[in-house]
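What follows draws every value from the coordinates through simple rules; no lab data is involved. A quick note: this is a predicted structure, and the numbers were derived from the prediction, not measured. When we count neighbours, we look across all protein chains shown, and the Cβ atoms used for this are built from the backbone with ideal geometry, even at glycine.
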Amino acid sequence: MYGNVDGIESSDEGALPAGVEAALQELFDQLIADDQRIEPRDWMPDGYRKTLIRQIAQHAHSEIIGMQPEGNWITRAPSLRRKAILLAKVQDEAATGCTCTRPPRPWASTARIFSTCCIRASRSTPASSTTRR
């Protein structure tokens with residue numbers, strides 16, 4: 001339903017030996033118990049990874065849908081100040097949605113991804129709704 005969770009299949013080609021997988025599971029459980037951070041490239045059980053991907057997809061979807069009602073009000077705003085405020089809110093929602101759906105790239109910093117999404121979001125708004133300072 002959300003995202004491409006159905007397309008994620010665990011293949012048995014690179015399956016780990018039972019002892020290694022049990023050790024990794026124990027290490028993973030210990031990290032969770034110690035309230036440590038789990039990074040995207042860290043080993044994690046398939047079910048845990050699928051759940052995270054589904055939650056990220058739901059969050060991205062809610063951000064994109066959240067900008068639609070605000071975007072409709074940009075042209076109806078009574079002043080340039082309010083138009084600028086609404087435009088900033090729409091750009092923020094779009095940027096967060098873009099950041100959530102973009103695959104992790106080790107060479108791209110979060111700030112660069114965020115600014116790229118903001119530029120794309122501002123270009124996608126109608127010309128009549130942009131404001132000058």
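GLN30: net charge of surrounding residues, Cβ under 14 Å, Lys/Arg +1, Asp/Glu -1, itself excluded?
Neighbourhood net charge equals -4.
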According to a simple spin-label model (label point 7 Å from Cα along Cα-to-Cβ), what is the distance in nm between LEU24 and HIS59? 2.4
Measuring from label point to label point, each 7 Å out along Cα→Cβ, what is the TYR48 to GLN68 span in nm? 3.5
